[in-house]
Every structure is written in C-alpha cells, then in structure tokens.
Amino acid sequence: MPTRPLRIALDVMGGDFAPAHELLGAVQALAELRRHGVEILLVGHRERVREVAQRFHVSLDRLPLLHAEEVITMEDDPTSAVRHKRNSSLVFSIELHARGEVDAVVSTGNTGAVVTAATLLLGKVSGVSRPTIGTLVPTERHHPSILLDVGANVDCKPRHFYEFALMGSVYARELLGIERPRVALLNIGEEESKGTSTLREAYRLLKSHCPNFIGNVEGRDILRGAADVVVCDGFVGNILLKFGESLAAAWRARLRSLASRDLWRRVFLWFFRPTLRRLLREFDYQSYGGVPLLGVRGVVIVGHGRSSPVAIRNMLLRAHEAIQRALVQRLEAALQVNPISA
C-alpha cells in the first residue's frame, strides 16, 4: 500500500495580515515543495480565505483548504482559547498533526496558544519538562547562532537551561550543519560567580553535563558568534528578539536619511547597494522565517505575527527541512543519552 505524501498544515488565520500573507507565502513555497513531493494544506475560514485568494488572484487548485470556523487572536488567553476554541485554525492544524494526517504545522498566530496546543495535543519529547522556542541570530561567522528561549518560558529553573542547551545543540548540528556546537549561558559577566542564584546553578549544571559548554557570554558576544547555542530565559530572550527585529528597519531608515542629504552620499550608497542589501537581509528576521517549537512530539514552526509572504515561505521550507532531518527523533535520542535529575 503506497504511503501518502508529506503534508504541512498552514494556519492561514493566525498572523497580523492573515490570510493574505499566508496565502502568498504558500504560493511562493509551493513550487519548491512540490518538487520534493510535499503538499501544503491550508487551514482557515473558507469564505474569508477564498475572498482574499480571489482578490490576489491566487489559485487554490493545488492548495487544499480545510475549513475552521474560529480564530484565536493575539488578545486571547492562550490556555482558555485552546480549551474553548477547538474549531480554531490553530488548534485544528495541530490536531491534524496529532492524528498523523499532516507531518508538520506552521503558524504565525498567538505564540502562547501555539505552545499550549502543541504541548497538550502532541505531548512532550521524553526528557523535556518545558518545550522552548529559539531564534536564529546572524553572526560574524559564516553561519547564524541559535538563541533560546525567546518567549515560551519566562521563569526558568536550572534544568530548563540544560534542556534548552541540549535541544539547541541538536538543532545546530542537524539543521545548521555545525558538527560540535559551542554552548554558552547568557549572563551579565563571563565569571562563573556572575548572575542570579538560578544562573549560577545553571552554570554548574551545564558545566557538569553539557557537551561543548564554553561558559558565560555577554550580550556583546552574541553577534560575534562567540557561541553557536546561547541559552537564556524567555523574558531576556524575548526582549533581545524584539530588539533584533528592529535593526534591519532602523538601518534602512537611517540609510534613506543619509541618501537624502546630498548627491555624493546617494552615489556612494548606490554603488554599495548590493552589499548593503545582503547585509540588511542577514539581519532581517523574515529571511529566516520561523524556527521549530523544540521539545514537542511533532514539527511545529512558530513565526512572527507580522511575517511577510517571504517569511511564510521560509517557514514552510524550514518545516520540510525539520521533517527530513528527523529533528524530533534526534532530540529524543539526545535527551535519553544525557539525562539529568536536577
């Protein structure tokens, strides 16, 4: 009996510009994914999606649409919304994954609701007490680093930092191609004695149990690429994430301001335009799309609510990559080999 093709469910109602950006991003990813035998299933309100598709001249012939009556908004309480909006596009998408009808889920919706629904419906990988969300950060090296957690866990215990480090290491090795990822703890100083009591205990735990732990790093070390995996709690990580997301836009505005002042500056900037565009693209979160919610028994890619069609496209490609690299299975194997009881 032939196996079904790989399928990725796209929650088309979650983002700030839904469903337009989701539809356009799906179209951009469709040609590449179909070459690999991957199907994209749209999950959302049928009438609204069809209306937007018609407006943007998007054909749904190759994008099957599954109807979900409800939408979880950014203002909804995550736990309550998951419990009471079972027919929402977000919950329906993850239920499809839990039933084995799709192989991954992509959503730019309410992050807390994504984490809650995925944890409840898919379950956690053995050895994980809290799933985590990371983000890719450009560095001076030839590859980005992964920073985690960036919002799923605001209040962390020492063992959570260890779990983040281990899961981030697997991600860096399998998806970034870094054979021996260097792991660091984000702190206010390099010395082992720095930081809160929780961070000091996390340092001792990482030093004793985490392969390739190189110690503390400070904020200034992240873009230098001092470590391949940087762990922190979700409170600090989310602030860093939001600050980083503003860099590309701020630099573009600054360059436009400089170019408007005189002709010679415009000529200079025009001459270096390809290099500047490449640099800005590296610091634009949309070029990375989203990253997996690590620690759940499934592939769930979480993206920014303001994701552009390009970001949606890249999220879908990351989902396929995570499936192909058997990321969930590799995470589980790593946590079984390196268990702790702290």
Output the helices (runs of 4 or more DSSP H) that fall wholly within region 183-284 and possess 1 or more residues being modelled with pLDDT of 90 or more, or say none. 197-209, 219-222, 234-259
Check region 175-197 and report whether any residue there is surrounded by fewer than 21 Cβ atoms within 10 Å (Cβ to Cβ), under 17 Å from the mean Cα position of the chain (by Cα) and touching a residue at least 40 places away in the same chain (Cβ under 8 Å). yes
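Could you say which residue among G215, G244, G219 is on the phi > 0 side of the Ramachandran plot and not assigned by TED's automatic domain parsing to the domain that holds T111?
G215
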Against the condition free of Cβ contacts under 8 Å to residues at least 40 places away in the same chain, surrounded by fewer than 23 Cβ atoms within 10 Å (Cβ to Cβ) and in a loop (DSSP other than H, G, I, E, B), how does R62 come out, does it pass? yes
Criterion (exposed (fewer than 14 other Cβ atoms within 10 Å of the Cβ), under 18 Å from V299 (Cβ atoms) and among the acidic types (D, E)) met by exactly one of E47, E22, E32, E39: E32
Mind checking whether some residue in region 18-26 is under 21 Å from the mean Cα position of the chain (by Cα) and in a loop (DSSP other than H, G, I, E, B)? yes
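Please find, within region 141-150, the residue that is surrounded by the fewest Cβ atoms within 10 Å (Cβ to Cβ) out of those that are part of a loop (DSSP other than H, G, I, E, B) and touching a Leu at 6+ places or on another chain (Cβ under 7 Å).
For region 141-150, the residue satisfying everything is H143.
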Among the residues of region 292-342, which ones are crowded, with 24+ Cβ neighbours inside 10 Å and not in a helix (DSSP H, G or I)? P292, L293, L294, G295, V296, V299, V300, I301, V302, G303, S307
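How many residues are modelled with pLDDT of 70 or more and closer than 15 Å to V137 by Cα when one looks only at region 285-310?
Of the residues in region 285-310, 5 are modelled with pLDDT of 70 or more and closer than 15 Å to V137 by Cα.
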Return the total of residues in region 102-138 being touching a residue at least 40 places away in the same chain (Cβ under 8 Å), over 19 Å from S88 (Cα atoms), surrounded by fewer than 24 Cβ atoms within 10 Å (Cβ to Cβ) and of a type in the set (S, T, Y). 1
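Would you be able to tell me the number of residues in region 157-172 that are in a loop (DSSP other than H, G, I, E, B) and either in contact with a Cys (Cβ under 6 Å, 6 or more places away or on another chain) or not assigned by TED's automatic domain parsing to the domain that holds T139 (or both)? Even if it seems obvious, please write down each step before you answer.
Taking region 157-172 first, the residues in a loop (DSSP other than H, G, I, E, B) are 157.
Then keep just the ones that are either in contact with a Cys (Cβ under 6 Å, 6 or more places away or on another chain) or not assigned by TED's automatic domain parsing to the domain that holds T139 (or both); that gives none.
Going through region 157-172 one residue at a time, the tally reaches 0.
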Among (1) touching a helix residue (DSSP H, G or I) at 6+ places or on another chain (Cβ under 6 Å); (2) buried (at least 22 other Cβ atoms within 10 Å of the Cβ); (3) of a type in the set (D, E), the one test that E201 misses: (2)
Looking at region 113-153 only, could you name the residues that are farther than 23 Å from L247 by Cβ and of a type in the set (A, V, I, L, M)? A113, V114, V115, A117, A118, L120, L121, L122, V125, V128
Any residue at all in region 78-88 that is at pLDDT below 95 and either more than 22 Å from V296 (Cβ to Cβ) or not assigned by TED's automatic domain parsing to the domain that holds R318 (or both)? no
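In region 38-51, how many residues are within 23 Å of L317 (Cα to Cα) and free of Cβ contacts under 8 Å to residues at least 60 places away in the same chain?
Residues flagged as within 23 Å of L317 (Cα to Cα) and free of Cβ contacts under 8 Å to residues at least 60 places away in the same chain within region 38-51 amount to 5.
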Residue under question is H97, and the condition is that it be at negative phi and not assigned by TED's automatic domain parsing to the domain that holds N238; does it hold? yes
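The values are calculated or read from the model by the stated rules, or taken from the named source; none is laboratory data. All of these numbers come straight from a predicted model, not from anything done at the bench. For neighbour counting, all protein chains shown are included, and Cβ atoms are generated from backbone atoms with ideal geometry for every residue, glycine included.
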